[in-house]
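Read the structure below first, then the notes.
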Amino acid sequence: MNYKMWIDGLDAEASDGMVQENRNPATGELIGTVPAATKQDVDRAIASAKEGQKEWAKLPLYKRIEVFSRYELLLQDHRSELAELMAKEGGKLIGDAEGEIDIQGYIFRTYGEGARNLYGLTVPTGIEPRVERDVIFTRHEPLGVVACIVPFNYPSELFAHKVAPALIMGNSVVVKPASDTPMSAIAFAKLLVEAGVTPNAIQVVTGSGSKIGDWITQNPDIAAISLTGSTKVGRHVMEQASSHVAHVFLELGGNDPLIIMGDADLDQAVGEAIGGRISNAGQTCCASKRILVQNSVKDVFTEKLIAAVKKLKMGDPMDRTTNMGPVINEKAAQKVIEDIEFTLNEGAICVLGGKAKGAFVEPTILAGVTRDMEIAKSREVFGPVLPIIGFDTLEEAVDISNQSEYGLHAGILTGDMKKALNAAVELECGCVVIGGCGNYRCAHQAFGGCKQTGTGREGISYTLLELSRTKTIAYRNILDT
């Protein structure tokens, strides 16, 4: 099936007629094509979004909330076909895709609810002698055109976390989906318009991110950029956006630790390690990419983990008995294999897996990993690889965790809650999960990290503030006393 971009409220081909193919990573089958946008297309989309924003922002908030409610119902009406599309273009398990559609609807609904309760501030009367007869209050206003750069790994949920808060606060959006998963974003945009979003308040441009990204970020009509992607790309976006001082929100790389203490329930720990790493074929920003295990139980844990991983079924994402599908494409699979081989050359031992066929990477367990190896520091492996790193004390585990240049999430499994809480305070990251792995997200939490993991936060109350500007209005000498 051949999809078109959504520009200026209409289906749009690329101005030069060029297209890119989209293939199912599980089968190699051609799903269809999407346009490969030119700079002319991108500029036209941004100009149209600038005009659409004015009209959309005039719609009262309660009516924008009603639009979101209709959109949630449309998502449910089209749930099966949207989930199948996501499974085919991204290799996502069909059950996971269905769940992600449900989450998207929830996120849109709760951003609407959050905006309904996002009140301004009234400054106390007479707070200073120079303003004692003034009335001062604030209101939240749109930024303008927001660029939403959505990654391949969660094309529905992260579409929602970027597009929903931008739209509900009266902004317009230009969506740049990942090159591997563009079709679902186009489908979502059209359903939003069907629900009542001003047609040119949402635009979708498709094609090579290395080209389109610069055309978007350099455009002075872009007021804000919300990107989930690699740290390398994030740095580049910051540089480009600085030319016109656009707001930049970045959710970038991660190498998150799961700390397993000797007093932890090892069967639970195995389940958390698998769920935290194998989910979505290991392609999750906050996946548990480093498994830190206290040396007193490391060998027993490793044996249990090997036995459990051997039971997993890798295969067709449309088969509901499948536990793990492919990574996003064959190039990504080869990158995972290169990371594995690099770590083996440093002295690690592959005790399970370690091979790839097409876009499928075997779940891989690496033993003998030391804190000096790159994978124990800042080598982020975006695939189903579990490196096991031993430690003696919790303080040592925290130190190993903090040696990474990243700081997104962490998990701690122990029976000693006092130690866990104190470790959580010391860990340099945006979220610590006690009693589970760090592969964790609630729509309401302040999702994001520190260090090279990025800037800003995604979450219902946080993003609404970040995607709006606060204006102060003061009535001078309005009061008699």
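Rule-based calculations on the coordinates, nothing more; no lab input. Values in this document were obtained by computation on a predicted structure and should not be read as measured data. Note that each Cβ is placed from the backbone with ideal geometry, even for glycine, and that neighbours are counted across all protein chains shown.
Beta bridges per DSSP, both residues in the range 343-481: antiparallel share near 55 percent. With equal scatterers on the alpha carbons only and no solvent term, can you work out the Debye log10 of I(q)/I(0) for the range 151-211 at 0.19, 0.23, 0.28 1/Å? Listed by q, the Debye log ratios stand at -0.65, -0.94, -1.30. Computed from backbone phi, the HN-Hα couplings of the range 301-314 come to 4, 4, 4, 5, 5, 4, 4, 6, 5, 4, 7, 6, 9, 9 Hz, rounded to whole numbers (Karplus: 6.51 cos²θ - 1.76 cosθ + 1.60, θ = phi - 60°; Gly and Pro given as x). Quick one: which of LYS335/LYS355; LYS232/LYS313; LYS92/LYS313 span more than 22 angstrom between C-alpha atoms? LYS232/LYS313, as the Cα separations exceed 22 Å there. Stretched out straight at 0.36 nm per residue, the stretch from GLN403 to VAL300 would grow longer than its current Cα-Cα span by 34.5 nm. How many percent of the alpha carbon pairs in the range 332-481 exceed a separation of 26 Å? So the portion of pairs separated by more than 26 Å is 43 percent. Here the range 299-421 carries DSSP beta bridges of which approximately 50% are antiparallel, counting only pairs with both residues inside. Semi-axes of the equivalent ellipsoid of the range 106-180 are 37, 13, 8 Å, computed as sqrt(5λ) over the eigenvalues of the C-alpha gyration tensor in descending order. In the set [x] 33; [y] 20; [z] 17, the label that goes with percent of Cα pairs over 42 Å apart computed for this structure is [y]. The protection proxy used here, the mean number of other Cβ atoms lying within 10 Å of each residue, ranks peptides 73-79, 154-160, 183-189, 220-226 as follows, highest first: 154-160, 183-189, 220-226, 73-79. A full extension of the chain between GLU81 and ASN422 corresponds to an added length of 118.1 nm, given 0.36 nm per residue minus the alpha carbon distance. For the range 61-96, backbone nitrogen atoms closer than 15 Å to the point 7 Å from THR27 Cα along Cα-to-C-beta are found at 84-94.
Under 13 Å from the 7 Å Cα→Cβ point of GLN445, by amide nitrogen: which residues of the range 419-435? It comes to 429-435, nothing else.
Bridge orientation summary for the chain: considering DSSP beta bridges with both residues in this region, about 40 percent are antiparallel. Each part reduced to its alpha carbon centroid, the range 4-34 and the range 50-73 end up 27 Å apart. Multiplying the residue separation of GLN20 and LYS58 by 0.36 nm and subtracting their alpha-carbon distance yields 10.0 nm. Working ranking of peptides 377-385, 287-295, 449-457 by packing, defined as the average number of other Cβ atoms within 10 Å per residue, highest first, is 287-295, 377-385, 449-457.
Find how many whole Å separate the alpha carbon centroid of the range 125-184 from the alpha carbon centroid of the range 244-272. If you average the Cα positions of each part, the centres end up 26 Å apart.
Cα centroid distance between the range 409-481 and the range 333-371, in Å? Taking the Cα centre of the range 333-371 as reference, the centre of the range 409-481 is 34 Å away. With contributions of -39500 (n - 2.57) from each DSSP H run of at least four residues, the per-residue ellipticity at 222 nm computed over the chain stands at -12500 deg cm²/dmol.
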